[in-house]
Amino acid sequence: MVEEAKKEFWRWPEGTWVNPHINWKQGKIITSGVDVGSVSSQGVVLVDGELYSFGSTRTGFDSPDSARKALNIALEQTDVTEENLDYCIGTGYGRVNVPMAQRTITEIACHARGAHFMYGPAVRTIMDMGGQDCKAINCDEKGKVLNFMMNDKCAAGTGRGMEVFADLIQVPVWEIGPRSFQIDEEPEMISSTCVVFAKSEVLGLLEQGVPENQVMASYCAAMAHRIMALLHRLGVQEKFVITGGIAKNEGVVKRLEKELGIKTAEKVWYKPEYKDYPFDTQIAGAVGAALFAHAMVSKGKVKSVRKT
Amino acid sequence: MKAFYGFKDGSGDWFLIIDTEKCNGCSACVAVCPAHALEVGEDEFDPLSEEHVAHVKDEDRKKIRYTCAPCKPGFSIDPVPCVAVCEPGAITHSDGWKRSYG
Amino acid sequence: MIAVGIDVGGKNAHVIILKGGEILAKGEAAMGIHKAEEAEHLYDETLKKAGMKREDVGSVIATGSAGKRVSFADSVIPDAAADARGVNRLIPSARTVIDVGAEEGRAIKVSPKGRVLDFAVNEKCAAGTGTFVETMARALEITVEEMAKLSLTSNQSIPMNAQCAVFGESEVVSLIHQKIAKQDIAKAVHDAIAGRIASVARVVGLEQDVVMIGGVAKNDGFVDALKKEIDMDLIVPEDPEYMGALGSADMAAAGV
């Protein structure tokens, strides 16, 4: 049963998973976290701080709507309802509107907390690249943010930057990574940082007859370099974790690892009892939000809003 | 905790950096910034802490390059107002302005 | 003496031919990827227009971001120096020059004799350049000229959140979906870029007379927004995009 649920989740972007080993009715504190990103939204439910269920869905045009969908998808295959929740925290991109949340916490703090829970206390640096932003976070052994850098102003070094390139050369995003390695030798990277100017540079290369795969290699190398510069400023320490959509683009990830001289951490749960649970890097934010909710309720810092 | 407010683009690093360990929430910087870009409030990056610290207003973060430029951080003769008035020395700027405009 | 100035920028190249200190001919062309050859072609075309041949020319000075690729130039001078010289020739009262082209924006503090005292540049980022304006016009599905005219009919002040041209495009699309009037969006675009340019100008200090040059100076919507932003009058000379070439030609004529 668990095996099937795992496969189902990885195959489709919208999906849900419920922990078969937990009976939520025997739990004391039930909290949830909702993360509304620019492209996808996640909902997570914890029972006494342990992972109970999670779900992922595509973000629509309406932020409150997407938040609702994300929480519902995390609850739909359980018999938990919103009234059973002690506390819910929202997080995500920009000024998110998560109507059922009692408060919102910045995604920087939630990401650090979530990554710490998922990968363990050895995590020190997290790099997350979403659709419209890129953030680098250093945290301590407790998952507390030590420093961070966020870029959500410049498209170079965000998912959008890669999308614009994919549109330009008319190749699907998920093919770019593997194809960028089907080359004779590693070319020079695109010199313009600015995506708008890089477009002309790419067109120029193609016009000169440079093979497509090589142009892809140049672009991935440039993107890896931009991320590198951001990380370099902050200081990268192992364990180093990459989350967000870009984690799936090996053309960028492998080149980044090479430039850094550090390999990214293996995608496995830190807690041994979780080893068969599905591991989706995109839920880190929602996990962190739900963990903060748990900490606040259990420490008596906030009042539970549970109705039944 | 060092919070880097701003961005990096093709022409450099444009960050106003606030060290929340050093910041004592005195609000002197808020009053002195000619662009009114600073404010003091809850530490949004450490939600479990009760201390109030300074941060760059949301609407200014993405254009901090242009907000801070007139004060010439890193290459002005007069000290940058927010940096000068901060006793614990919690505020610094990255070198984008100096490199591009200095 | 025949002196030539050629300004090869990010998108366009301009040529000015001076004879005895007077403008004999001018030429402009959009540049593709082979800038060196295309610049040469423009040079020859403009000479033809003037009824001249290369042998007649005394001196050629080049400028612009691709100025170094002009093989037939006797020397290359920085954009700021060319701009300052060109503006000073036409408007000796100029003390601040703002030059916004396709890929770069700069502010220059000039002396009464047309020398560069200080300058600040926005480069490598489309947000403070003509490319930003063009990208938004494309998103609005109108020409830059139409966008300029439209923006002048609006009296709204909608702030744009996006700084980047790429995100700005998405923002314009979402504003259109929200049924915001095109003229209000057009004005928002000009206000956004005017804010950035003004802040760079403040780095060198705004002293009158303030002169605006470069291709974007032809955009009345932008000029209006910038005037309001700096709360000062702006002088836009005729053929503002030729100022770099004019300054270079002037220097060539002076045998500098």
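Across the options A:Ile30, A:Val18, A:Gly261, the greatest Cα extent toward the positive end of the charge dipole of the protein assembly as shown (unit charges at beta carbon of Lys, Arg, Asp, Glu) belongs to A:Ile30. Along the axis of the charge dipole computed for the protein assembly as shown (Cβ charges of +1 for Lys and Arg, -1 for Asp and Glu, origin at the Cα centre), the listed residues C:Pro159, A:Leu71, B:Val83 are led at the positive end by B:Val83. Figure legend: label point modelled 7 angstrom from the Cα of A:Lys303 along Cα→Cβ; residues of segment A:70-104 with amide N under 16 Å from it are A:86-88, A:102-103. Net charge dipole, segment C:93-236: roughly 240 debye, given to the nearest 20, about the Cα centre with Cβ charges of +1 for Lys and Arg and -1 for Asp and Glu. Name all residues of segment B:1-45 having a backbone nitrogen under 18 Å from the label point set 7 Å from the Cα of C:Gln178 along its Cα→Cβ direction, giving them as ranges. No residue passes the distance filter.
Each helix, a run of at least 4 DSSP H residues, gives -39500 (n - 2.57); summed and divided by the residues of chain A, these come to -12000 deg cm²/dmol at 222 nm. Just to confirm a number: summing +1 for Lys and Arg and -1 for Asp and Glu over residues other than C:Gly247 whose beta-carbon lies under 11 angstrom from that of C:Gly247, what do you get? Counting the neighbours of C:Gly247, the net charge comes to -3. Applying 1/(1 + (r/R0)^6) with R0 = 22 Å to the Cβ-Cβ distance of C:Ala254 and C:Asp56 gives a FRET efficiency near 0.75.
Can you sort C:Ile23, C:Ile98 from fewest to most other Cβ atoms within 10 Å of each residue's own Cβ? Intermediate results must be reported in sequence, preceding the final value.
Details: C:Ile23 14, C:Ile98 27.
The order, fewest Cβ neighbours first, is C:Ile23, C:Ile98.
Stokes-Einstein D for segment C:1-120 at 37 °C, 0.692 mPa s, Kirkwood Rh over Cα pairs, in µm²/s?
Numbers: Rh = 14.7 Å.
This corresponds to a translational diffusion coefficient of 224 µm²/s.
Ranked by the mean number of other Cβ atoms within 10 Å of their residues, highest first, the peptides B:59-72, C:64-77 fall in the order B:59-72, C:64-77.
Relative contact order of segment C:20-79: what whole-number percent is it, with Cα pairs under 8 angstrom and at least 6 residues apart? Spell out each step's value before the answer.
Details: 54 pairs, mean separation 16.6, N = 60.
Answer for segment C:20-79 is 28 percent.
Once the chain from C:Thr153 to C:His41 is taken as fully extended at 0.36 nm per residue, the excess over their C-alpha distance is 36.3 nm.
For segment A:125-260, the Cα-based Rg and Dmax, in that order, read 14.9, 53 Å. Of the two radii for segment B:15-102, the radius of gyration is 0.96 times the Kirkwood radius, both from the alpha carbons; that is the Rg over Rh value.
R0 = 51 Å: FRET efficiency of A:Ser191 with A:Asn97, Cβ-based, nearest 0.05?
Values: r = 40 Å, r/R0 = 0.79.
Efficiency for this residue pair is about 0.80.
Dipole of chain C, Cα-centred, from +1 at each Lys and Arg C-beta and -1 at each Asp and Glu C-beta, to the nearest 20 debye?
280
When each of the peptides C:144-153, A:65-74 is scored by how many other beta carbons lie within 10 Å of its residues on average, the order from highest to lowest is A:65-74, C:144-153.
Note: relative contact order over chain A, using C-alpha pairs below 8 Å and six or more positions apart, is 23 percent. For the segment C:161-174, counting C-beta atoms of other chains within 10 Å of every residue's C-beta and taking the mean gives 6.
Could you work out the helix-only [θ] at 222 nm for chain B, with each DSSP H run of four or more residues adding -39,500 (n - 2.57) and the total divided by the number of residues, to the nearest 500 deg cm²/dmol? Intermediate values should be presented prior to the final figure.
Details: 5 runs with 25 residues, N = 102.
Mean residue ellipticity, 222 nm, calculated: -4500 deg cm²/dmol.
Taken along the Cα-to-beta-carbon direction at a fixed 7 Å, the label points for B:Ser27 and A:Ala122 span 4.7 nm. Of the residues A:Trp24, B:Trp97, A:Trp17, the one with the fewest other Cβ atoms within 10 Å heads the list, and the complete ranking is A:Trp24, A:Trp17, B:Trp97.
Rounding to the nearest 20 debye, state how big the charge dipole of segment A:125-260 is about its Cα centre with +1 on each Lys and Arg Cβ and -1 on each Asp and Glu Cβ. Can you show the working numbers first?
Values: 14 positive and 19 negative charges, 112 e Å.
Result for segment A:125-260 is approximately 540 debye, rounded to the nearest 20.
Remark: spin-label model distance A:Lys28-A:Glu238 equals 3.9 nm, labels positioned 7 Å along the Cα→Cβ axis. Distance between the 7 Å Cα→Cβ label points at B:Ile77 and A:Phe181: 5.8 nm. Are any of the pairs A:Lys254/C:Lys35; C:Lys48/C:Lys68; A:Lys25/A:Lys303; A:Lys153/A:Lys258 more than 31 Å apart by Cα-Cα distance, and if so, which? A:Lys254/C:Lys35, as the Cα separations exceed 31 Å there. With neighbours defined as other Cβ atoms within 10 Å of a residue's Cβ, the residues C:Val236, C:Val87 order from fewest to most as C:Val236, C:Val87.
Take every Cα pair under 8 Å in segment B:1-89 that's 6+ residues apart, average their separations, divide by the length, and report that relative contact order as a whole percent. 30 percent.
For segment B:1-77, the number of Lys pairs separated by eight or more positions or lying on different chains, with C-alpha atoms closer than 18 Å, is 9.
Would you mind giving the average projected area, over all directions, of the Cα convex hull of the protein assembly as shown in nm² with one decimal?
Values: hull surface 125.5 nm².
Mean orientational projected area (the protein assembly as shown, Cα hull): 31.4 nm².
No value in this document is a laboratory result; all are computed from the given coordinates. These numbers come from a predicted model, not from an experiment. We place every Cβ from the backbone using ideal geometry, glycine too, and count neighbours over all the protein chains shown.
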